[in-house]
2 protein chains.
Amino acid sequence: MKKKNVVVQGLGFVGAVMSLVVANNDKNQYNVIGIDLPSNQDLIDKLNQGIFPIQSSDVKINSFFKEAIKRKNFRATSDIETYSIADIIIVDINLDVQKGVHDENLNNDYSVDLSSFKKAMRTIAENCKNDVLLLVETTVPPGTCINIIKPIFEETFKNRGLKQLYKIGHSYERVMPGPNYVDSIKNFYRVYSGINDDSADAVEQFLKTIISTDEYPLTRLSNTNATEMSKVLENSFRAMNIAFIQEWTEFAEVAGVNLFEVIDAIRLRPTHKNIMKPGLGVGGYCLTKDPLLASWSSQYLFNSNKLLQSEKAVVINDEMPLHSLKTVYNHFKGDLSSKRILVLGVSYLQNVGDTRYSPVAIIYEKLINFKAIVTLHDPFVEKWDEYNLFTESNENVLEKEYDAVFIGCPHNQYLNTDFFNSILNKNKSLVIFDPHGAINENSINKYINHSLKTIGKRCLKKY
Amino acid sequence: MKKKNVVVQGLGFVGAVMSLVVANNDKNQYNVIGIDLPSNQDLIDKLNQGIFPIQSSDVKINSFFKEAIKRKNFRATSDIETYSIADIIIVDINLDVQKGVHDENLNNDYSVDLSSFKKAMRTIAENCKNDVLLLVETTVPPGTCINIIKPIFEETFKNRGLKQLYKIGHSYERVMPGPNYVDSIKNFYRVYSGINDDSADAVEQFLKTIISTDEYPLTRLSNTNATEMSKVLENSFRAMNIAFIQEWTEFAEVAGVNLFEVIDAIRLRPTHKNIMKPGLGVGGYCLTKDPLLASWSSQYLFNSNKLLQSEKAVVINDEMPLHSLKTVYNHFKGDLSSKRILVLGVSYLQNVGDTRYSPVAIIYEKLINFKAIVTLHDPFVEKWDEYNLFTESNENVLEKEYDAVFIGCPHNQYLNTDFFNSILNKNKSLVIFDPHGAINENSINKYINHSLKTIGKRCLKKY
């Protein structure tokens, strides 16, 4: 049987791994061609040289990449002509939100600019086969497949003099970079839909060939609005629950309550197991914007005059790191100049090197503004792309002395390890800022003059 | 060993059952005296006549009551002298919130009036033994034990010339009236604290004698602010998650999305298992006010200038039933006059007869205002106290004809039962309003001219 051509549009955190998963499908049914913009030629080159562009602790990434090279069924390109040979096109490009400032009622003047997303859809429609299956995985404002993508295809196909035989489906990914990067696609639940039954059937048939659907059954929803809404809803649910706890964290602090112990107690109730703990902030590509996509859709695609309250969750979460920073600022009585501060972890995700919208960025920027001397460390982030900065090696970190340690991301390397103990040992007097409540107090018990400050805990214990 | 005297202040939903549980403790260690205001003499009389004042489906209520009568260790009174013989006093009185109107930013001008609660505390302090253990179970604004109760005891004991030997603890209940009414106290997790270590120790010792703490270990928190906050936090968490979904329900309806199927799909993720489903509204004594107690405390006991966003959840939830009502209103094109509407279930809780702040109340009142002819049915509520109204028997309900059925509370009696089918059979053309999504569509499939309207589902299917 002739292999089908699957073109993956967008080779970022989702598209890159999605390409490998498709290329590695059990029956070797697909030729996969990843496509990205010419401005991302370095990414394309890397992939074609056999280098996976994203640092990952998942060993499957390597073996999947090797298998694809062995099968010779994966390559990357920027050539849009590629769309013309695709049987299936998977859309994994970004759709960004531009945030502005917010007012006292926590309303943000963000905007959603669909122009580059529309342009990408038009490029496909202008070049694709007339019976292509377009599978959109990008997180989009609910209503996008029907109200934005379909009209583009309709119009373009009309201009091309083609029959309207294309199929459009939507099935969002739940990709988690990290140790289960591949399995977050291959071995996880999926929701899907199509603009009509044929489209939904085609999506189902395809997904069954790349996902372990026996163990993780697919869920078909009635229309594309539903799957699009499902994705932004599940992320808004998380964002909102994080924002909720941020407010209570601040309340707990003024009331002298250790919110960590309170939440441990509440979590014993099965109905309350998912209540969040205090933390530094929200990072990553999804939770920081998806509630805004939803609220935007509600207003601009469905003419509702109601803002979703979830919008405010984004504002509250965006400001979370400033709250932790205030603790640092107050501890040093407002003078951070020349204070030597070691920031451990710059990623937003534990044990993963993902710095997209990391809340540590705000901490870093503010510390620099306050003229602190900042040392950055992260075992998963060699180079912090957003700042074009290299993090320091274990050796370098251990050589220096510090006034404070700030736990930016509680990677395992920092939790009761020799590395962490060496830092504590080396420094005579140290304050540890731990917004995640990750450090065991007893582990620093033996260090005279060391203190631990946790967000959500008012207590500053001196040992 | 001489039995200890335990006085339970307040004989409502919590105090009544708490009294029985204490009186039934394994080692028969306690004499229990329930006390309530003289204005509740009927309640007191009932209890002394061996009649439990709350209708309940829990068979344990009966057996516990019988055992207490056999042991002769429970009686009720309004005599405040009783406090003078108490070794332990359990506070189970109400602390209410008066709600007002809200502005466009969903801020409500509610007020918390502590005067009757303070008066009750003063009555105890003026009459109790000097080494009494006061165990507060009432849901109070965080800070109440330390900032309100303790000062009352300090001052009153000083005036009485007593040493400050009282102990004050806080341990909130998680009582659920219904089939597990007794077990919601006896076999469930508890959080506790005291204003000092002696107080916390005394609470622990007492709770161990009435709760199955081997299976459901107690959690001790650092101070009374923490346990008080824990209670309002866990209820605010629920209230906020319900409000969140209400907003998305309205969004789903304008976008033509069946939110029930979306949420079923999302719940497959372990991290999202507790996401709520659309519904009629929030009832009961706790979720309708606890977020307000928290926000009030934050402002008035801890001088924070921040309102908690959870406040707005209360406003959103209070308005939820109006959304369901709009569906009814629109269906009948704004003319409900003389429409015969059967309301099935007036309780706020499934399979339980608890009408406190039931969202069905708003539905009922509005239907009456619109001059509909309303028939009320609820197998668990013989008399709807708030309206001094008796619900109708199965026979009466089946005799009449209706234009519409409104599922107020989805008791099991309404789900695919002969009773429900008889209603469907009897009526030629019927619209069923089902805000809970409880009725199986297929079950009404065979009834020509019947239709089902669900909140959160846009579809109105005609069979």
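By the rule of a C-alpha distance below 16 Å, with chain neighbours fewer than 8 residues away ignored, the lysines paired with residue A:2 are A:27, A:72.
Over the stretch A:276-434, the pair-distance histogram of Cα-Cα distances with 5 Å bins from zero comes to 2, 9, 17, 20, 18, 14, 8, 5, 4, 3, 1, 1, 0 percent, rounded to whole numbers. Normalised by residue count, the stretch A:342-463 yields a Cα convex hull volume of 100 Å³ per residue. In whole percents, the pair-distance distribution calculated for the stretch A:4-230 from its alpha-carbon pairs, binned every 5 Å from zero, is 1, 7, 14, 18, 20, 16, 12, 6, 3, 1, 0, 0. Among beta bridges identified by DSSP and lying wholly in the stretch B:332-462, the antiparallel ones come to about 25 percent.
Coupling constants for the stretch B:254-264 follow from the phi torsions by the Karplus curve (6.51 cos²θ - 1.76 cosθ + 1.60, θ = phi - 60°), and in residue order they are 5, 8, x, 10, 7, 5, 4, 5, 4, 6, 4 Hz; glycine and proline get x. Taking Cα centre as origin and charging only the Cβ of basic (Lys, Arg, +1) and acidic (Asp, Glu, -1) residues, the dipole magnitude of the protein assembly as shown rounds to 1020 debye.
Considering only A:76, A:31, A:139, the residue lying farthest towards the positive end of the dipole of the stretch A:4-230 is A:31, judged by Cα position with unit charges set on Cβ. Neighbour counts of C-beta atoms inside 10 Å place B:234, A:311 in the sequence A:311, B:234, starting with the fewest. Rounded to the nearest 5, the antiparallel percentage of DSSP beta bridges internal to chain B is 20%. Here the relative contact order of the stretch B:4-223, from alpha carbon pairs under 8 Å that lie six or more residues apart, stands at 20 percent. Comparing Cα centroids, the stretch B:188-204 and the stretch A:81-135 end up 57 angstrom apart. Converting phi to 3J(HN,Hα) with the Karplus coefficients 6.51, -1.76 and 1.60 and the offset θ = phi - 60°, the stretch B:167-176 yields 10, 10, x, 9, 8, 7, 8, 10, 5, 10 Hz in sequence order, with x at every glycine or proline. Expressed in Å, the radius of gyration and Dmax of the Cα atoms of the protein assembly as shown are 31.0, 99. Per-residue mean of foreign Cβ neighbours for B:232-238 is 6 (Cβ atoms of other chains, 10 Å radius).
Built from the Cα atoms of the stretch A:51-149, the convex hull projects on average onto 9.7 nm², one quarter of its surface area.
Compared with the dominant principal axis of the Cα atoms in chain A, helix A:59-71 is inclined by about 30°.
Give me the tail of P(r) for the stretch A:28-91 as a percent: Cα-Cα pairs with distance above 13 Å. That tail contains 66 percent of the Cα-Cα pairs. Legend: calculated FRET efficiency, residue A:369 to residue B:116, from the Cβ-Cβ distance at R0 = 45 Å, rounded to 0.05, equals 0.30. Computed from point charges on the beta carbon alone (+1 for Lys and Arg, -1 for Asp and Glu), the dipole magnitude for the stretch B:153-201 about its Cα centre is near 120 Debye.
Shielding by partners for peptide B:98-110, expressed as the average number of C-beta atoms from other protein chains within 10 Å of each residue's C-beta, is 1. Along the stretch A:197-208 the Karplus relation, 6.51 cos²θ - 1.76 cosθ + 1.60 evaluated at θ = phi - 60°, assigns HN-Hα couplings of 4, 4, 4, 4, 4, 5, 4, 4, 4, 5, 4, 4 Hz to successive residues, with x for each Gly and Pro. To the nearest ten degrees, helix B:360-369 and the longest principal axis of the Cα atoms of chain B are 50 degrees apart.
Taking the DSSP beta bridges with both ends in the stretch A:4-230, the antiparallel portion is around 15 percent. Relative contact order, whole percent, for the stretch A:190-234 stands at 52, derived from Cα pairs under 8 Å and 6 or more residues apart. Simple rule: put +1 on each Lys or Arg Cβ and -1 on each Asp or Glu Cβ in the stretch B:4-223, find the dipole, and look at B:211, B:13, B:100; the Cα lying farthest toward the positive end is B:211. Between the listed residues B:292, B:359, B:334, the Cα displaced farthest toward the positive end of the dipole of chain B, a dipole computed from Cβ unit charges relative to the Cα centre, is found at B:359.
In degrees from 0 to 90, rounded to the nearest 10, what is the angle of the helix B:150-160 Cα long axis to the longest principal axis of chain B? The two axes meet at around 40 degrees. Two numbers describe the Cα atoms of the stretch A:1-42: Rg and Dmax, which are 11.1, 36 Å. Of the three principal axes defined by the Cα atoms of the stretch A:1-113, the extents in descending order read 61, 35, 26 Å. Across all Cα pairs in chain A, the calculated P(r) in 10 Å bins from zero up to the longest distance comes to 4, 19, 27, 24, 16, 8, 2, 0 percent per bin. Rounded to the nearest 20 debye, the dipole size of the stretch B:1-127 about its Cα centre is 940 debye, using +1 on the Cβ of Lys and Arg and -1 on the Cβ of Asp and Glu. By the beta-carbon count within 10 Å of each Cβ, the least crowded to most crowded order of A:242, B:407, A:316, fewest first, is A:242, A:316, B:407.
For residue A:400, a cut-off of 12 angstrom between C-alpha atoms picks up these aspartates and glutamates, skipping any fewer than 8 places away in its own chain: A:392. Among A:125-135, A:145-155, the peptide with the highest mean count of other Cβ atoms within 10 Å heads the list, and the full ranking is A:125-135, A:145-155.
Read-outs throughout are calculated quantities, based only on the coordinates presented, and are distinct from any laboratory measurement. Since this is a predicted model, take the numbers as computed values, not measurements. All Cβ positions, glycine included, derive from the backbone under ideal geometry; neighbour counts span all protein chains shown.
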